[in-house]
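*Asks:* My questions will all concern the structure given below.
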Amino acid sequence: MYTLHCTAKLRDRLKQPLSEGPQPPSTVLGNWYATALFWKPQLALLVNERTLLPVLLPLAPAANLPERIAPALARVLRMHGIDQDFIEREVAAMDEVRIAKTSNRSLVGTMNEFEFQAEVYRDHSGITDLLELAMRLAQTPCGAIKGNSPARLLRQLATGARH
């Protein structure tokens, strides 16, 4: 179980009820933040609360976006070379998702920065593959995680979770 903290523009698309009260996540990575990117086609940008790991996936159909997050995350984790056992445990723990409003302004700022960077990669470098965009964004040093990149923090967390 985890919470998906959605911006208002994404909540409007999901049309799902908000959960009541905070619940501790059962996943190692913890909760996620998400927003809608109004590109052609429209996308959902997710950012992990603990590592700032970005995941991009098509927004449509928005009604089943929560069910498509775990498989999309599994693909991104495989691209990062994360151990298959860790991936399977994380995906299994994501069996239940709660929808909530965003509550961390710093994370919303990180999502905005990732959106800007993704647009630059798309428009100036011609990168349109969602996995490739997510991998590029994951290499970005972020002040919110003390100058680490999401990719580096993910590897540290996944390695530590095995012990």
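Bear in mind that the values in this text are calculations on the coordinates, not laboratory data. In this text, all values refer to a predicted model and were calculated from it rather than measured experimentally. Neighbour counts are summed over all protein chains in view; Cβ atoms, including those assigned to glycine, are modelled from backbone coordinates with ideal geometry.
*Asks:* Considering only region 32-49, how many residues are assigned to a loop (DSSP other than H, G, I, E, B) and under 14 Å from Lys9 (Cβ atoms)?
*Replies:* 3
*Asks:* Is it the case, given these coordinates, that Val91 is under 19 Å from Thr3 (Cα atoms) and either aliphatic (A, V, I, L, M) or part of a helix (DSSP H, G or I) (or both)?
*Replies:* So Val91 passes the test.
*Asks:* Give the residue, chosen from Leu52, Leu29, that is part of a loop (DSSP other than H, G, I, E, B), in contact with a Leu (Cβ under 8 Å, 6 or more places away or on another chain) and on the phi > 0 side of the Ramachandran plot.
*Replies:* Answer to the check: Leu52.
*Asks:* Please determine whether any residue of region 49-58 is touching a Lys or Arg at 6+ places or on another chain (Cβ under 7 Å) and surrounded by 15 or more Cβ atoms within 10 Å (Cβ to Cβ).
*Replies:* Yes: region 49-58 contains one or more residues that are touching a Lys or Arg at 6+ places or on another chain (Cβ under 7 Å) and surrounded by 15 or more Cβ atoms within 10 Å (Cβ to Cβ).
*Asks:* Further question on the same structure: Being exposed (fewer than 15 other Cβ atoms within 10 Å of the Cβ), of a type outside the set (S, T, N, Q) and part of a helix (DSSP H, G or I) is the filter here, so list the residues in region 94-115 that pass it.
*Replies:* Matches in region 94-115: Arg105, Gly109.
*Asks:* Give the residue that is farthest from Asn48 (Cα to Cα), with candidates limited to residues of region 116-147 that are among the charged types (D, E, K, R) and not in a helix (DSSP H, G or I).
*Replies:* By that ranking, first place goes to Asp129.
*Asks:* I would also like to ask the following. Answer with yes or no whether Val120 is of a type in the set (A, V, I, L, M, F, W, C), more than 18 Å from Trp32 (Cβ to Cβ) and surrounded by 11 or more Cβ atoms within 10 Å (Cβ to Cβ).
*Replies:* The answer is yes for Val120.
*Asks:* Something else now. Restricting attention to region 131-161, which residues are in contact with a helix residue (DSSP H, G or I) (Cβ under 6 Å, 6 or more places away or on another chain) and among the polar types (S, T, N, Q)?
*Replies:* Gln139
*Asks:* Now a separate question. I'm trying to understand the selection: among the residues of region 130-151, which are charged (D, E, K, R) and either in contact with a His (Cβ under 6 Å, 6 or more places away or on another chain) or over 13 Å from Met79 (Cα atoms) (or both)?
*Replies:* Lys146, the sole residue that qualifies.
*Asks:* Just to be sure I understand, how many residues within region 57-68 are over 14 Å from Cys6 (Cα atoms) and not in a loop (DSSP other than H, G, I, E, B)?
*Replies:* Number satisfying all stated conditions: 5.
*Asks:* Turning to a different aspect of this structure: Out of everything in region 121-141 that is among the small types (Gly, Ala, Ser) and within 14 Å of the chain's Cα centre (by Cα), what residue ends up being farthest from Ala151 (Cα to Cα)?
*Replies:* Ranking the qualifying residues of region 121-141, first place goes to Ala134.
*Asks:* Answer yes or no: is there a residue in region 56-75 that is basic (Lys, Arg) and under 23 Å from Pro17 (Cβ atoms).
*Replies:* The answer is yes, given that some residue of region 56-75 is basic (Lys, Arg) and under 23 Å from Pro17 (Cβ atoms).
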